[in-house]
1. Taking amide hydrogens as modeled 1.01 Å from N in the peptide plane, which residues meet the under 5 Å criterion relative to A:T276, leaving out close sequence neighbours?
2. How shielded is B:82-95 by partner chains, expressed as the average number of their Cβ atoms within 10 Å of its Cβ atoms?
3. What ³J(HN,Hα) values, in whole Hz, does the Karplus curve 6.51 cos²θ - 1.76 cosθ + 1.60 give for the stretch A:274-289 when θ = phi - 60°, with x put for Gly and Pro?
4. On a 0 to 90° scale, report how tilted helix A:18-37 is relative to the longest principal axis of chain A, with both axes built from alpha carbons and the result rounded to the nearest 10.
5. Under a 5 Å amide H to amide H cut-off, with H placed in plane at 1.01 Å, what residues pair with B:V44 once short-range neighbours are removed?
6. Please give the average number of partner chain Cβ atoms lying within 10 Å of the Cβ of each residue in A:155-161, rounded to a whole number.
7. Rounded to whole Å and sorted largest first, list the principal axis extents of the Cα atoms in the stretch A:37-82.
8. Under 30 Å Cα to Cα from A:K24, which lysines show up? Leave out anything in the same chain fewer than 8 places away.
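Computed from the coordinates by the stated procedures, all read-outs in this text should not be read as laboratory data. In this text the structure is predicted, and so the values were computed from the model without any measurement. Positions of Cβ are backbone-derived with ideal geometry, glycine not excepted, and every protein chain shown enters the neighbour counts.
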Amino acid sequence: MTKLFMFEKPLGMRDTLPELYQLKRQVKQAISTEVSQWGYEPIETPTLEFYETVGTASAILDQQLFKLLDQQGNTLVLRPDMTAPIARIAASTLNKEDRPLRLTYDAPVFRAQQREGGRPAEFEQVGVELIGDQSNSADAEVISLMMASLERSGVQSYQIAIGHIGFVNALLKEVLGNDARTDHFRRYLYEKNYVGFRKEVEQLPLSSIDKRRLYDLLRLKGGPEVIEKARQLVESKEGQAALDQLEQLISVLDTYELADQMMIDLNLVMHMSYYTGTVFEAYSEGLGYPVGSGGRYDQLLDQFDHHEPATGFGLRLDRLTEAIGKEKDALLKDTCLIFSHDRRKEAMEKAKELRGTGQSVVMQELTGVQNVDAYSAQFQDVIYYVGTNGNGGASQ
Amino acid sequence: MSKDLITVAMPKGRIFEEAVELLKKADYPLPPEFEESRKLIIEVPEAGMRFILAKPMDVPTYVEHGVADVGVAGKDVMIEEKRDIYEVLDLKISACYMAVASLPSYNPKSEVAPKIASKYPNLTSEYFRQQGEQVEIIKLNGSIELAPIIGLADRIVDIVSTGQTLRENGLVELETMMPITSRFIVNPVSYRTKSAQIDDMVDRLAEVIAKGENNQ
């Protein structure tokens, strides 16, 4: 290995400098406030977990895990998401608590990047998990809470796509007959490869009606009318039940008055096996990646020997901050008091008064700064307490 | 990304011309000829599009990061780059295929090590793993045909359209790997936030492609 320079950091690790930090903190506080006002209780989990438990249960690909060994030789991971650790707690320490559990977190997660820059390997996620409630209202609550959080975070324009894995599975199975083929075709959707999907359908020994049903699946994207179109494609009870759920969900979201920001996308397959029902992703205009995602994961807790339904969402603070930062002008800092030694007391009193009103106030002695003009340009207000004008400027 | 214009990432050269031809057939009002300039960004507000001209290998990168909404990329590049993007349409232009080639005298038994030169290390490695053969890959950036001639590698993996380049350099094709055409690719966020414009574009292109097939 080449010798590292002092300024270098591991791939994907980033510093957050004051300007960005402030914006990030505002966003985080806005979301945390919203989430706790909906009755979700914050928890913390350790940064390190066992690979065998949380590592394998997580939805994150194995090659993206940071792994290390403890002194007994167990493989550890830096937590790649917060859902798996919370599932671990819900299935063990909190398994006697009354259900449903409403938990929220705000924590950095770690995902190794191998290819190149442009993506962080550590970033903060704010999210919620609603555990022990299998009802449709739980899904609706989680989605509306995510939208309310986005709204509160200050992001100007956002959109949510909602899909249902139960529908995708039911339709594929109905047409293709078995689980292996269903998996195979679901993988095309997961890999977003519509061309491959169509080419393979073309070669299958299926009736032209069945082929059409599969081609039409790729077009199930848009407003609530999509559900009606989907009803024509699927016959099985599971498929129709999934659509009933989705329809109910949309009507609940209507009552939250959130229908405008929402679209249905029945091709949304974010993971091969993790999610079991409703899935959703959030986008902000002007940013090429989703700012958040979530869904129902009724089988995750099974991995911790505890069967329970659960749903939740996670918002990516790094991307949200970037999206909001693109919309906002750089913030000027509040106030700077530049004082000379003789008038320190006056300046201190003024600072105390202004801080009492909620402003941030920097006190800077004149002799401590080299270029006063350049320095003070960062502030909205600059007040000088320099020289001796006899105004209470008592010397020591 | 602008709110009104769709940003289209295109490879420079022949694929660009063929793709523009398709868009014109789909009734997009594009100028009869794009001036031969060194411009990297060309705006055509009448068609609601802004083209960015990139190296073919880079098109999926622009689209994945969302600085371009959609793009045109060869399947070869997509297999090599494995980007998180929607592959929505087979445009059926720039048809060619990937192949393994060598000198006619190639004899696997006399190989010191199974060395293969290619511009596509990921695609090559994945292909040979599926074939059950472990190979050593030497990455080159062009003029791949040189490698067997001067003894850098015994075999090469490259894109073949007519086979003329191989023949001129005295190489023979050992096996055909996969057919390649250009694809219409879409950024996952744009696919939803600009779905009206993009779906319209996809439908119009699909119609032109279907017509083209019937005429053959």
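1. A:R296, A:Y297, A:D298
2. For this peptide, the per-residue mean of nearby foreign Cβ atoms is 3.
3. 5, 8, 10, x, 4, 10, 8, 9, 10, 10, 10, 4, x, 10, x, 10
4. 60
5. Amide H neighbours of B:V44: B:M49, B:R50, B:F51.
6. The shielding value for this peptide is 2.
7. Projected onto its principal axes, the Cα set of the stretch A:37-82 covers 43, 23, 14 Å.
8. Within the straight-line limit of under 30 Å, A:K24 reaches these lysines: A:K9, A:K67, A:K326, A:K328, A:K333, A:K350, A:K352, B:K3, B:K194.
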